[in-house]
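Bear in mind these aren't lab numbers, they're just calculated from the coordinates by the rules spelled out. Here the structure is a predicted model, which is why all the values come from computation and not from measurement. Positions of Cβ are generated from backbone atoms using ideal geometry, with glycine treated the same way; all protein chains shown enter the neighbour counts.
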Amino acid sequence: MNLYNTCIFLSSFSFLAYVISYFISPHMKNEFRRFKLERLGMLTILLEFLGALGLLIGFLYKPILLISSGGLALLMFLGVLVRIKVKDDILTSLPAVLFMVINFYIMIATIRS
C-alpha cells in the first residue's frame, strides 16, 4: 500500500472513530463546550462522518475524494484556528494540524492524478 492510500485509510477511519467517540464519550461534547461551540457539535460530527465516508467512496469516484479531503482539510484548519483562539498548547493542537496536512495532501495528490 502506498502513502496516498495509507493516508486515505488513516484519515477515514480516524474520523469515523472520532464520530463514534462523540456519541459514547462525554469528553468529546465537553470539548465543544470548552470551545463555546456546543451548538455546532452535531454539524461538525455530521461533516466529519460525511467526509470519512467520502474518502472511502473516493476510491471508486475521484471527485468525491477531492471534495471530501478538501472539506476535511478545511474543517481541520478551522479546528486549528479555534484551538489558537482558546490558547491550547501545540501538543494539544497537533492532531488537528496533522489531519489538516494529511487531508490537504490527499486533495493535492488527487488533483495531480
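Take the Cα of TYR4, step 7 Å toward its Cβ, do the same at SER113, and the gap between the two points is 0.4 nm. Only helical runs count toward this figure. For the chain, summing -39,500 (n - 2.57) over DSSP H runs of n ≥ 4 and dividing by all residues gives -28500 deg cm²/dmol at 222 nm. What is the sum of charges around ILE45, taking Lys and Arg as +1, Asp and Glu as -1, for the other residues whose C-beta is under 13 Å from the C-beta of ILE45? Here the charged neighbours net out to -1.
Of all segments of the chain bounded by trypsin sites (Lys or Arg not before Pro) found in a DSSP loop with no more than 14 other C-beta atoms within 10 Å, the longest spans 37-86.
Look at the alpha carbon pairs under 8 Å that are at least 6 residues apart: their mean separation over the length of the chain gives a relative contact order of 29 percent. Compared with the dominant principal axis of the Cα atoms in the chain, helix 62-85 is inclined by about 30°.
Given the alternatives (i) 17.1, 56; (ii) 15.3, 47; (iii) 14.0, 41, Rg and Dmax of the Cα atoms in Å as computed for this entry is given by (iii).
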